[in-house]
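The values are calculated or read from the model by the stated rules, or taken from the named source; none is laboratory data. Remember, predicted model here, so these are calculated numbers, not experimental data. Cβ placement follows ideal geometry from the backbone for every residue including glycine, while neighbour counts extend to all protein chains displayed. Surface accessibility is based on the protein's heavy atoms, side chains included, excluding ligands, DNA and RNA. Shrake-Rupley method; radii C 1.70, N 1.55, O 1.52, S 1.80 Å.
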Amino acid sequence: MSTKPVPTSPIQDYLQELHSRYANLHEGEVATYIPELAKANPDWFGICLVTADGHVYEVGDSGQKFTIQSISKPFVYGLALEDNTRTEVLKKISVEPTGDAFNAISLEPGTGRPRNPMINAGAIAAAGLIAGKHASTRWQRMLDMFSLYVGYDVGVDAAVYQSESMTGHRNRAIGHMLRNFDILTEPPDPVVDVYFKQCSVSVNCRDLAVMAATLANRGVNPITKKQAIRGEYVESVLSVMGSCGMYDYAGEWLYRVGMPAKSGVSGGVIAVLPGQLGIGVFSPPLDVRGNSVRGLRVCDDLSRFFDLHLFNTPHASKSVIRLKFTAAEVNSKRVRTSAEAEALRAHGGEIQIIQLQGNLVLSTAEVVLHDVMSALDQLETVIVDFKHVIAANESASRLFYQLLIKLHEQGKQLVFTNISRAMHLRRVMKLKLKEQFDQFFLSFDDNDTALEWCENRMLAQKIGTRVAGETVKQDDYEMLANLDSKELVIVKALLERRKFQSGEVIVPYGAPAGELFFLARGCASATIEQSNGTKKRLGTFSPGMVFGEMAMLDRAPRSAAVVADTEVECDLLKLEDFEGLEEKHPRIKLVLMRNLALRLSRNLRKRNQEFRVFDY
């Protein structure tokens, strides 16, 4: 028996597309100034994206180990801030961008401070600020810090460390110069040695993305939920990454990509979109500035495709899903027969309604996609409600298009409601679906009509349902259940057949109670008029159902109007005939009253369930 392949997220699909697009890009050269780095395979290429909620998307060589190199700098700087406070660290390390090379032997005139913590001089100074009596203690604290960011115990690539140590004369010179200006207050060699070790920490592309996502999540690792850095210092780390993290390409990077980032000469790149996600890319070939060629291209494309630029991103609420329920919990206003109600209880869980709120961008749309994709085995139809959405940008709209296609390929249905504020959504759907737009894109003005459509579709598949055009026999009226043949003859003799045209008022609002209506053919809806003049549907009745019973029971004026949605045929039971049954045929009236009570009980249970779900 063949089974359909498990569908992947549209975000995963796009990462795979990026990987395929740039896998054959062979520009750049692998770093050789550290001999061990020269051994890297130039074809290694991994991409990983991790959301602030901990959802991981990865492609390519995302598990290939390499050394973190300069990507270690912002994280060590964050530890130095925690150990010394901003004021003390600023006395030793400035935060101004520089056009010099990352390993330039230059310090700020007058103070001797390194220009920023992202160049080697600043990073060595930061390593010297880590608390601890001995270099071994400081190094262990660094190692523990990296482990918190990554989510497991990390270690050092011994071969790279030895290579760095044997060839790091320039960095030793920087260390001695820092000692000369009292930026380092102890012998420089142990500090520089710790710096060599921090650059030699072994990670993979996924680790980089988790580290970036930890910064995006205000210092809390989104996978382990452990705090790697105090939240108040994250902004300082991201600030220097934004202004100085990409060496002398930092300005153009911020202009084009618009995310705080850091690169390393082993080919790694991290990028952070605060509050939303972290990106890790690994590809060893570097450009002349020491940045991964593929890493730059991937981040640029990701930023543009998903609209990730920091200065063009609206506030993204993590609580994008306002409410979620199924048709087994809440039904439409369509009044159902007992058989239909039972089928909805049994199979309504296959229809899910997701109410969204706030701004829809990549990170918030991803929450919805992840939620749907993770439950796809249990779902047949998904209704996405945009009523409380402020806006949906183009990247989010593209993701919903891709979700629609994926569900369709699985024989499932995606339905949209209340999309008046999602202008991009309709435009993207029309652009992508072309002549198939009307067939594929289902949109309703409100959840109730969408839910009714989905229920009807499901019920037709599960049990078959009556259609408005068929005529129900009087013997099959739900209200007359449990009457024997002789009793049915007695009741049917009291019924009077009436016809109503589509749009005609069957029961006027406020009219005195005079009849009970058995719907033989067509559909009719009960409505009330709201204070703003609009009409709200209370329920829609199908063939075989009864309406008008409330006023029959309490003798009060009609509390709602009932209007024919289609051409309608009804059988009327007058109030006096109904009351007369009590004396002449008490069992018949008892059965009718019991059936009425059962129906009212079902309606009450339905309302109770709605109160539980909606938390009024």
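Take the solvent-accessible surface of the protein heavy atoms, probe 1.4 Å, and return the percent of it on the range 95-171 that carbon and sulfur atoms account for.
Details: 1800 of 3360 Å².
After summing per-atom areas, the C and S share lands at 54 percent.
Would you work out what percent of the accessible area of the range 382-465, with all protein chains in place, is carbon or sulfur (probe 1.4 Å)?
48 percent
Give the separation of the Cα centroids, the range 428-466 to the range 338-374, in Å.
14 Å
Given Cβ point charges of +1 (Lys, Arg) and -1 (Asp, Glu) and nothing else, what value in debye, to the nearest 20, does the dipole of the chain about its Cα centre take?
540 debye
Under 29 Å Cα-Cα from Lys486, which lysines qualify once same-chain neighbours fewer than 8 residues away are excluded?
Reachable lysines: Lys473, Lys499, Lys574, Lys584, Lys589.
Starting from the Cα of Arg421, move 7 Å in the Cα-to-Cβ direction to define the label point; list residues of the range 370-411 whose amide nitrogen is under 20 Å from there.
Residues passing the 20 Å test: 383-401.
What nm distance separates the two modelled labels at Leu323 and Leu25, each placed 7 Å from Cα along Cα→Cβ?
About 4.6 nm separates the two model spin labels.
Over the chain, what is the percentage of antiparallel beta bridges among all DSSP beta bridges, to the nearest 5?
So the antiparallel bridges in the chain amount to around 75 percent.
Nearest 10 degrees, 0 to 90: what angle lies between the long axis of helix 10-22 and the longest principal axis of the chain (Cα atoms)?
40 degrees
Using a 1.4 Å probe, what is the accessible area per residue for the range 477-542, in Å²? It would help to have the intermediate numbers written out before the result.
Details: 3420 Å² over 66 residues.
For the range 477-542, the per-residue accessible area is 52 Å².
Consider the candidate values [x] 1.19; [y] 1.03; [z] 1.07; state which one is Rg/Rh (Cα atoms, Kirkwood Rh) computed from the structure displayed.
Identified label for the calculated read-out: [x].
Do any of Lys225/Lys387; Lys133/Lys197; Lys324/Lys535; Lys65/Lys262; Lys406/Lys434 go past 21 Å between their Cα atoms, and which?
Distance filter (> 21 Å) returns Lys225/Lys387; Lys324/Lys535.
Enter the angle in degrees (range 0 to 90, nearest 10) between the Cα long axis of helix 293-306 and the first principal axis of the Cα atoms of the chain, meaning the one along which they spread out most.
Helix 293-306 sits at roughly 30 degrees to that axis.
Hey, rough spin-label estimate for Asp371 and Arg86, points 7 angstrom out along Cα→Cβ, what's it come to in nanometres?
3.5 nm
Hey, got the dipole for the range 515-605? About the Cα centre, +1 on K and R Cβ, -1 on D and E Cβ, debye to the nearest 20?
480 debye
Could you give the size of the charge dipole of the range 133-234 about its Cα centre, using +1 on the Cβ of each K and R and -1 on the Cβ of each D and E, expressed in debye and rounded to the nearest 20?
280 debye
Quick check: with the 1.4 Å probe, what order do Glu409, Glu88 take by accessible area, largest first?
Numbers: Glu409 115, Glu88 85 Å².
The ordering from most to least exposed comes out as Glu409, Glu88.
How would you classify the range 364-460 from its alpha-carbon gyration tensor, with a ≥ b ≥ c the square roots of the eigenvalues: rounded for a/c under 1.5, else prolate if a/b is greater than b/c, otherwise oblate?
rounded
Using the Cα centre of the range 350-509 as origin and beta-carbon charges of +1 (Lys, Arg) and -1 (Asp, Glu), tell me which of Leu379, Ser420, Val505 is placed farthest towards the positive end of the dipole.
Towards the positive end, the residue furthest out is Ser420.
With an 8 Å cut-off on Cα pairs and a minimum separation of 6 or more residues, tell me the relative contact order of the chain in percent.
Once normalised by length, the contact order is 11 percent.
Under the definition of Cα pairs under 8 Å and six or more residues apart, what whole-number percent is the relative contact order of the range 278-389?
So the answer I get is 26 percent.
By how many nm would the segment from Arg555 to Asn608 lengthen if fully extended, with 0.36 nm per residue of separation less the alpha-carbon distance?
16.6 nm
Run the helix sum for the chain: -39,500 (n - 2.57) per DSSP H stretch of 4+ residues, divided by residue count, reported at 222 nm to the nearest 500 deg cm²/dmol.
Per the formula, -13000 deg cm²/dmol.
For the range 110-260, what is the accessible area per residue in Å² when the probe is 1.4 Å?
Per residue, the range 110-260 has an accessible area of 38 Å².
Please determine, in degrees from 0 to 90 and to the nearest 10, the orientation of helix 447-462 with respect to the longest principal axis defined by the Cα atoms of the chain, where the helix direction is its Cα long axis.
70 degrees
³J(HN,Hα) across the range 69-81 via Karplus (A = 6.51, B = -1.76, C = 1.60, θ = phi - 60°), whole Hz, x for Gly/Pro?
Whole-Hz 3J(HN,Hα) from phi for the range 69-81: 6, 5, 5, 5, 4, x, 6, 5, 4, x, 5, 5, 4.
Roughly speaking, what is the centre-to-centre gap between the range 60-119 and the range 376-412 when only Cα atoms are used, to the nearest Å?
Each part reduced to its Cα centre gives a spacing of 43 Å.
Under the 0.36 nm per residue contour assumption, what length would be gained going from the current alpha-carbon distance of Ser165 and Glu529 to full extension?
122.9 nm
Could you tell me the distance between the Cα centroids of the range 563-599 and the range 474-545, to the nearest Å?
10 Å
As I understand it, the dipole of the range 384-509 uses +1 on the Cβ of Lys and Arg and -1 on the Cβ of Asp and Glu, about the Cα centre. Which of Tyr401, Tyr477, Leu495 lies farthest toward its positive end?
After comparing all options, I get Tyr401.
I'd like the FRET efficiency for Lys387 and Gln439, computed as 1/(1 + (r/R0)^6) with the beta carbon distance as r and R0 of 22 Å, rounded to 0.05.
0.35
Would you work out which of Ser202, Ser542, Pro114 lies farthest towards the positive end of the dipole of the chain, given +1 charges on the beta-carbon of Lys and Arg and -1 on that of Asp and Glu, about the Cα centre?
Going by the Cα projections, it comes out as Ser542.
Please give, to one decimal in nm, the separation of the simple spin-label points placed at Ile405 and Glu496, each 7 Å out from Cα toward the Cβ.
The answer from the label model is 6.1 nm.
Using a 7 Å offset from Cα along Cα-Cβ at Val6, what residues in the range 408-437 end up with backbone N under 17 Å from the label point?
410
Normalised by the number of residues in the range 368-433, what is the relative contact order in percent for Cα pairs under 8 Å and 6+ residues apart?
After rounding, I find 43 percent.
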